[in-house]
């Protein structure tokens, strides 16, 4: 894939390095040429010095042929403008923007922009780590509003249907691993001893999930 990373701070440089190491063709963009030193000598992609919201800079970075773009500068405004240009003008298939202000995230999602809000995600993740739980978070979605957690089915749920671990709009079992194989359950699926479940849960409903699992 051809991917443009706009902003070469610590996050942008780390993202560009990670994508490059996976074999993608990466172009890093930053207004300050000195920022590219963060990429290190192992970076095999290209670098373009210029503004995140400048059309000529984006064209020089190859936005017309890009498969993806990440806008991760230190400015929420620049990130949103760059992302909207990528989506609406250049029709880049995959675009994501970092936002520092979590209050703006929902607004931009309604405009069709995928956003990452590290502050929100970090708050929820730290709270989870500080409060002991047998739920193992394997992924966070959106800006940290939804977690995918992993847990072993407790004895109280063995022999019961999956609906016992379902709360509409809050908690849903997305997969079950049984005897080393994973499958997608139906509402009539019955839990077996030793089942490992992956559950999508609103972070605000984590305590409710723990109660359903008998952890509280």
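Just so it is clear, none of the values below were taken in a lab; they were calculated from the coordinates. All values reported here derive from a predicted model rather than from experimental measurement. All Cβ positions, glycine included, derive from the backbone under ideal geometry; neighbour counts span all protein chains shown.
Side notes on the structure shown:
- Ascending count of other beta-carbon atoms within 10 Å, so fewest first, for 156, 19: 156, 19
- One decimal place: the segment residue 141-residue 22 gains 40.7 nm when fully extended, by the rule 0.36 nm per residue minus the C-alpha distance.
- The relative contact order of segment 133-212 comes to 36 percent, based on Cα pairs under 8 Å that sit 6 or more residues apart.
- As a length-normalised measure over Cα pairs under 8 Å and 6 or more apart, the relative contact order of the chain settles at 13 percent.
- Additional length obtainable on full extension of the chain from residue 88 to residue 34, 0.36 nm per residue less Cα span: 16.4 nm
- Stretch gain in nm, segment residue 190-residue 166, where the contour uses 0.36 nm per residue and the Cα spacing is subtracted: 7.4 nm
- Three-way shape label, the chain, alpha-carbon gyration tensor, a/c 1.5: prolate
- Sites residue 100 and residue 54, calculated FRET efficiency, Cβ-Cβ separation with R0 35 Å, nearest 0.05: 0.95
- Global form of segment 162-216, assessed from the alpha-carbon gyration tensor, a/c cut-off 1.5: prolate
- Axis of helix 10-21 versus longest Cα principal axis of the chain: the two differ by about 80°, to the nearest ten degrees.
- Segment 1-123, relative contact order in percent, only Cα pairs under 8 angstrom and at least six apart counted: 22
- Most fluctuating residue given options 93, 155, 41, as computed from a GNM of the chain linking Cα atoms under 10 Å: 41
- GNM flexibility winner over the chain from 159, 180, 40 (Cα, springs under 10 Å): 180
- C-alpha long axis of helix 118-130 to longest principal axis of the chain, angle in °: 30
- Fluctuation leader among 43, 183, 191 - the chain, Gaussian network, Cα springs under 10 angstrom: 183
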